[in-house]
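Below is one structure, written out as structure tokens; comments come after it.
What follows is calculated from the coordinates using simple rules that are stated; it is not laboratory data. Given the structure is predicted, the values throughout are model-derived calculations rather than measurements. Methodologically, a virtual Cβ is constructed for each residue, glycine included, from the backbone with ideal geometry; neighbour enumeration extends over all protein chains shown.
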Amino acid sequence: MLKASHRVFLAAGKRTPFGFFVGTFAKIPAPILCAHSILGVFSSTKIKPHEISSAIYGCGIQSGLGHNPTKQALLAANLPDDIPCTTINQGHCSGSKSVILAYQEIALGHSDIVLCGGYDSVSLSPFNIKKGRNPTTGDILAEDCYIKDGLHNPFYNTHAGIILERTNLELTIPLIDQDIQAKNQYKKRDIAYARNYHEKEIFPFGNENTDELYGKVTQKDNFSKPLYYKQGTVNAYTAATPGDGACSLLLVSEEKLKSLELTPIAEIVKTAEIAISSNAFPKANSEVAKKVLYKLGWTFRQVNLWEVNDYYSGLDLAFAKYSGVLEELININGSTLAIGDPMAASSARQVLSLSLALKERSLKKGVAVSCEITGGATAIAIQVVD
């Protein structure tokens, strides 16, 4: 096994406000949202665009965006044409996988400065027509790419929410517990907003400087009926609202950090990935957490804060039950559920949110985990440097 020999640091990170589904950013293509987050990164660091070694981004819904949308984003941000660009497609792990690849590039000595992150526009996700190019008569059905590419399990031909329902039944997680968990996440988000925490993350887009979900869905909202079947436990309140947005992170080597006299936000100390049956994907977060902790020699109790990509509140509860982590240590400033879910941007945002939360509280260790519905999962372990 290759061993990483170079330390890797998060030097800067910014994201757009996350737009509501068919909301403020509904007509802005995903690469343009990404370009704006890139501009935000360069507004907060003295690193210059020509110093970038490569760019690796995740995009969960690429249908109709054209070839290599990451290259489109870099050029829209007026970055040089000679930066190698890669676009990752791995559902909700697209953004976190980009961070892992960027980490590996630097750790193995292939690059010094790498742009990474995630972006998606669910509002602009197209519809596919499946009858091909042959002449035909009769009705043609259109397939929603958001559902097909984002939430549909291709192996069991079912929605991710149905699989989560099975996990909820297995772990005895009732609807009321998921409602309470969602309420707690909205409350955490509102407390963070009250002290202007999100200003540290967000690079305003025109006049927009807050997540659009803030104020639209709150901890005071009424609970709604189950989404998938009558006796189900998942409802619209406990499922994340899809949206539009981007998050960019700038990773650098220790050598470059010192030569440019940069102050890092945090150090990325280890990453891990696992894959399990897609029929059990809600369990993947706890499994990948075990793997990254084993690689580090940490225990669950030694981790100060956790970020869990909860595009359903049941994913938080499943992680807590499988791992034994206390709920108050999970998503301390509000989560994907409460902030909004531009898919690939969400798992990239987790890394930024976790790093800033640790630093704000003078804490040391954190882990961000994200799972995707084919059974894959990522873990990114972070340590704040003194």
With both bridge residues required to lie in region 289-383, what share of the DSSP beta bridges run antiparallel, to the nearest 5%?
60
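If one computes P(r) from the Cα atoms of region 58-208, what percent of pairs lie at distances over 18 Å?
Numbers: 8480 of 11325 pairs.
Counting every Cα pair in region 58-208, those more than 18 Å apart make up 75 percent.
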Please go through region 1-43 and write out the chymotrypsin sites (Phe, Trp or Tyr not before Pro) that DSSP classes as loop and that have at most 12 other C-beta atoms within 10 Å.
none
Let a ≥ b ≥ c be the square roots of the eigenvalues of the Cα gyration tensor of region 15-71; is it rounded (a/c under 1.5), or, if not, prolate (a/b larger than b/c) or oblate?
oblate
Contour excess over end-to-end distance, with Cα ends at residue 327 and residue 363 and 0.36 nm allotted per residue
11.2 nm
Which trypsin sites (Lys or Arg not before Pro) in region 157-221 pass both tests, a DSSP loop state and at most 16 other beta-carbon atoms within 10 Å?
195, 216, 220
Residue 5 and residue 279 label points (each 7 Å along its Cα→Cβ direction) are spaced in nm at 4.6
Add -39500 (n - 2.57) for each DSSP H run of 4 or more in the chain, then divide by its residues: what number comes out at 222 nm, to the nearest 500 deg cm²/dmol?
-9500 deg cm²/dmol
The answer for the net charge of residues other than residue 304 whose Cβ lies under 9 angstrom from its Cβ, with Lys and Arg +1 and Asp and Glu -1, is +3
Loop chymotrypsin sites (Phe, Trp or Tyr not before Pro), region 152-205 (other Cβ atoms within 10 Å of the site Cβ: 16 or fewer; DSSP)
155, 156
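Which whole-number percent is the relative contact order of the chain (Cα, under 8 Å, 6+ apart)?
Value for the chain: 27 percent.
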Report for the chain the percent antiparallel among DSSP-assigned beta bridges with both residues inside it, nearest 5.
75
Taking the Cα centre of region 113-175 as the origin, how large is its charge dipole in debye, to the nearest 20, when only Lys and Arg (+1) and Asp and Glu (-1) carry charge on their Cβ atoms?
260
Go through (1) 23.2; (2) 19.8; (3) 32.0 and flag the label whose value is the computed mean projected area of the Cα convex hull in nm² for this structure.
(2)
Everything considered on the Cα gyration tensor (a ≥ b ≥ c; rounded for a/c under 1.5, else prolate if a/b is larger than b/c, else oblate), region 6-147 must be described as prolate
Quick check: the distance between the Cα centres of region 170-232 and region 294-325, to the nearest angstrom?
19
